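> Once you've had a glance at the structure underneath, I'll fire off some questions.
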Amino acid sequence: MISYPVSFVGLPIGNREDITRRALEVLGSVDCICCEDTRNTGMLLSHYGIRKPLLSLHEHNESARAPEVAARALAGESFAVVTDAGMPGVSDPGYRLIQELKARGVAFTVLPGPSAVVTALVGSGLPSDAFFFGGFLPVKSGKKGQVLQAALAASHTSIFYESPYRILKTVKAIAELDPAAPICVARELTKVFETYHRGSAAELAAEFTAHPPKGEMVLLIGGSNAPRSVVGG
């Protein structure tokens, strides 16, 4: 089954059943699995009856651990690289390791999997012919304001990750810039309490003020090409 020394494997973003058969085959056949949190990955592997050595690879140790993984791969070991959810290297550890593998000539492949970005985009109802993913929004209000202004002026849909502790303030900031801006907050995707909050910035600001949302969130902002008749719901 293994044809590459290192495989970057996309994992479910919430619902465990969203994992692919190919991903399970690779996870069950490699020598070692690099993961962001060994506890989270361990629970997923246990659910599918997979037992493999786990090696932590997260944002705080990736630069130091990447040479070790590359060297072991060159020596003949096979690795799967995963994060807690979604695709390694996209707002998650993995990019630095990829640079190390490229520098040392270690072959690697990527197994596609669930994506919070694409899932939220389709579910939002906002234009999907062109979009921009900006990762996590800046924490500082000044920088965040600049990013939000650019998103509102863009001719495409913009997608960001945002903390549940900052989402109300962020939505209010959008409403101050353009109350009628069509936006969506996709919450707890693929999980039991999955919810799409769709409407104008002003509508969602009022909704979240009355009922502060919880959980993992994706914020989508319709650009200048988005219809202004988006109905909340």
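The values are calculated or read from the model by the stated rules, or taken from the named source; none is laboratory data. Bear in mind the structure is a predicted one, so any value in this text is a computation, not a measurement. Glycine also receives a Cβ, built like all others from the backbone with ideal geometry; neighbour counts cover every protein chain displayed.
> Counting only residues that are within 19 Å of the chain's Cα centre (by Cα) and among the aliphatic types (A, V, I, L, M), which one in segment 152-182 is nearest to Ser224 (Cα to Cα)?
Per the stated criteria, the residue is Ile159.
> Only one of Gly76, Gly94 is among the small types (Gly, Ala, Ser) and touching a Pro at 6+ places or on another chain (Cβ under 6 Å); which? I'd like the intermediate steps shown before the answer.
Numbers: Gly76 fails: touching a Pro at 6+ places or on another chain (Cβ under 6 Å).
Residue meeting the stated conditions: Gly94.
> Can you name the condition, by its number, that Lys172 falls short on among (1) buried (at least 18 other Cβ atoms within 10 Å of the Cβ); (2) farther than 21 Å from Ile13 by Cβ?
Here Lys172 meets the rest and fails (1).
Each row is one residue, and each column tells you yes or no for (1) aromatic (Phe, Trp, Tyr); (2) farther than 27 Å from Gly134 by Cβ; (3) touching a residue at least 60 places away in the same chain (Cβ under 8 Å); (4) in the same structural domain as Phe160 (by TED's automatic domain parsing).
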{"residue": "Glu17", "(1), (2), (3), (4)": "no, yes, no, no"}
{"residue": "Arg21", "(1), (2), (3), (4)": "no, yes, no, no"}
{"residue": "Ser29", "(1), (2), (3), (4)": "no, yes, no, no"}
{"residue": "His58", "(1), (2), (3), (4)": "no, no, no, no"}
{"residue": "Ser63", "(1), (2), (3), (4)": "no, no, no, no"}
{"residue": "Ser91", "(1), (2), (3), (4)": "no, no, yes, no"}
{"residue": "Gly94", "(1), (2), (3), (4)": "no, no, yes, no"}
{"residue": "Val106", "(1), (2), (3), (4)": "no, yes, yes, no"}
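> Out of segment 23-48, which residues are surrounded by 15 or more Cβ atoms within 10 Å (Cβ to Cβ), not in a loop (DSSP other than H, G, I, E, B) and not small (Gly, Ala, Ser)?
Leu24, Val26, Leu27, Cys32, Ile33, Cys34, Cys35, Thr38, Asn40, Thr41, Leu44, Leu45
> Tally up the residues in segment 183-203 that are over 17 Å from the mean Cα position of the chain (by Cα), among the β-branched types (Val, Ile, Thr) and within 15 Å of Ile159 (Cα to Cα), please.
Going through segment 183-203 one residue at a time, the tally reaches 1.
> Still on this model: Got at least one residue in segment 89-106 being within 28 Å of Tyr161 (Cα to Cα), part of a loop (DSSP other than H, G, I, E, B) and in contact with a helix residue (DSSP H, G or I) (Cβ under 6 Å, 6 or more places away or on another chain)?
Scanning segment 89-106, I find at least one residue that is within 28 Å of Tyr161 (Cα to Cα), part of a loop (DSSP other than H, G, I, E, B) and in contact with a helix residue (DSSP H, G or I) (Cβ under 6 Å, 6 or more places away or on another chain), so the answer is yes.
> Another question about this same structure. Which residue out of Thr170, Thr209 is more than 20 Å from Ala150 (Cβ to Cβ), in contact (Cβ under 8 Å) with a residue 40 or more places away in the chain and either not assigned by TED's automatic domain parsing to the domain that holds Ala151 or not acidic (Asp, Glu) (or both)?
Working: Thr170 fails: more than 20 Å from Ala150 (Cβ to Cβ).
The unique qualifying residue is Thr209.
> Only one of Ala66, Ala70, Ala103, Ala80 is surrounded by fewer than 18 Cβ atoms within 10 Å (Cβ to Cβ) and within 24 Å of Ser3 (Cβ to Cβ); which? Can you show your working first?
Values: Ala66 fails: surrounded by fewer than 18 Cβ atoms within 10 Å (Cβ to Cβ); Ala70 fails: surrounded by fewer than 18 Cβ atoms within 10 Å (Cβ to Cβ); Ala80 fails: surrounded by fewer than 18 Cβ atoms within 10 Å (Cβ to Cβ).
That would be Ala103, the only listed residue that is surrounded by fewer than 18 Cβ atoms within 10 Å (Cβ to Cβ) and within 24 Å of Ser3 (Cβ to Cβ).
> Checking Ser115 against (1) within 23 Å of Glu25 (Cα to Cα); (2) without any contact (Cβ under 8 Å) to a residue 12 or more places away in the chain, which single condition isn't satisfied?
Unmet for Ser115, out of (1) within 23 Å of Glu25 (Cα to Cα); (2) without any contact (Cβ under 8 Å) to a residue 12 or more places away in the chain: (2).
Conditions (1) touching a strand residue (DSSP E or B) at 6+ places or on another chain (Cβ under 7 Å); (2) under 18 Å from Gly14 (Cβ atoms); (3) part of a helix (DSSP H, G or I), marked per residue:
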position: Gly135; (1), (2), (3): yes, no, no
position: Ile159; (1), (2), (3): yes, yes, no
position: Tyr165; (1), (2), (3): no, no, no
position: Arg198; (1), (2), (3): yes, no, no
position: Ala202; (1), (2), (3): no, no, yes
position: Phe208; (1), (2), (3): no, no, yes
position: Leu220; (1), (2), (3): yes, yes, no
position: Gly223; (1), (2), (3): yes, no, no
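> Does Pro127 meet the test of being in contact with a Lys or Arg (Cβ under 7 Å, 6 or more places away or on another chain), outside any helix (DSSP H, G or I) and not aliphatic (A, V, I, L, M)? Reasoning before the result, please.
Details: in contact with a Lys or Arg (Cβ under 7 Å, 6 or more places away or on another chain): no; outside any helix (DSSP H, G or I): yes; not aliphatic (A, V, I, L, M): yes.
No.
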